[in-house]
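A short write-up of the structure that comes next.
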Amino acid sequence: MLNVALPKGRLGEKVYKMLEKAGYSCEDMLKDTRKLVFTDEKSGVSYFWVKPSDVTVYVEHGVADIGVAGKDILAESQADVYELLDLKTGKCRMCVASVNGFREDTSRPLRVATKFPRVAEKFYASKNRDIEVIKLYGSIELAPILGLSDVIVDIVETGTTLRENNMCVLEEIFHISARLIANKARYKFKRNEVDAAVARLKKEIPDD
Ligand code: PRP
């Protein structure tokens, strides 16, 4: 039995459809229910719907053998897991953004609002720029609009949120897509099963 942690939401549903096509279907997975664990003996798979930012925790602790997490979450969590496959879906970018016309005052630390403090710290450390991180949990774009921060480090997908709030991308930090990850010890233990899943899933990855 392969235990798989999937991120609840649109990305998880998309990836589940890839897994289904790859032969790992599980009845009722996409039904509108509050159930969290789904097992299919025939497919040899057990799925858990997990909050996206918690997938790395379930995989790192080994209660899930494998899981699916965005590169943003992997970078922020610094989880000690194997990254097996780029699923080439859920594509977006980690960016620095601010209000149109923003001018940086280099004489003082830059105030950076973000859900991704480690990503922000690492990025600015590489540029030798002092920052003050302001950790937020959502609607990050509000911070520079209201003067809480100078810039944000956040995900940009279509760019609509920035555009509609008179903001723009200042710098791109890295590209994001969903990755298949594995617990290191569980991978050794279930190597044949996991490798078979990777091989079958590879065929379902969309073309670039
Ligand atoms: C994410 C991100 C941006 C938005 C970008 O927020 O933090 O706010 O999506 O998408 P866009 O470029 O297509 O407009 P999310 O929807 O996850 O909600 P949040 O603000 O609660 O984090």
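The values are calculated or read from the model by the stated rules, or taken from the named source; none is laboratory data. Note that the structure is a prediction, hence the values are computed from the model and not measured. As a convention, Cβ positions derive from the backbone with ideal geometry for all residues, glycine included, and neighbour counts pool all protein chains shown. Areas reflect the complete protein model, heavy atoms only, side chains present, ligands, DNA and RNA absent. Shrake-Rupley method; radii C 1.70, N 1.55, O 1.52, S 1.80 Å.
Side notes on the structure shown:
- Qualifying GluC sites (Glu not before Pro) in region 99-208, DSSP loop, other Cβ atoms within 10 Å at most 15: GLU104, GLU157
- Mean residue ellipticity (222 nm) of the chain, computed from DSSP H runs ≥ 4 via -39,500 (n - 2.57), nearest 500: -8000 deg cm²/dmol
- Considering only ALA199, VAL68, PRO117, and ranking their Cα positions along the charge dipole of the chain that arises from unit charges at the beta-carbon of Lys, Arg, Asp and Glu, the one farthest toward the positive end is ALA199.
- With the Kirkwood sum run over all distinct C-alpha pairs, region 19-120 has a hydrodynamic radius of 16.8 Å.
- Calculated FRET value between ASP32 and SER53, using beta carbons and R₀ = 25 Å, to 0.05: 0.65
- Taken along the Cα-to-beta-carbon direction at a fixed 7 Å, the label points for CYS168 and ILE205 span 3.5 nm.
- Beta bridges assigned by DSSP with both partners in region 70-208 are antiparallel in approximately 70 percent of cases.
- Solvent-accessible area per residue for region 84-208 (1.4 angstrom probe, square angstrom): 57
- Looking at region 124-208, the chymotrypsin sites (Phe, Trp or Tyr not before Pro) that sit in a DSSP loop and have at most 11 other Cβ atoms within 10 Å of their own Cβ are TYR137.
- When HIS175, HIS61 are compared by accessible surface with a 1.4 Å probe, the order from highest to lowest is HIS61, HIS175.
- Candidates GLY23, GLY101, GLY44: whichever shows maximal mean-square fluctuation once the chain is modelled as a Gaussian network with Cα springs under 10 Å: GLY101
- Theoretical gain in end-to-end length, LYS17 to GLU104 [0.36 nm per residue, Cα-Cα removed]: 26.9 nm
- Exposure rank, largest accessible area first [ASP72, ASP130; 1.4 Å]: ASP130, ASP72
- Sequence of MET167, MET1 when ordered by accessible area, the most exposed leading, probe 1.4 angstrom: MET1, MET167
- Compactness of region 1-52, expressed as Rg and Dmax over alpha-carbon positions, Å: 9.9, 27
- The equivalent ellipsoid that matches the C-alpha gyration tensor of the chain spans semi-axes of 36, 17, 14 angstrom, in descending order.
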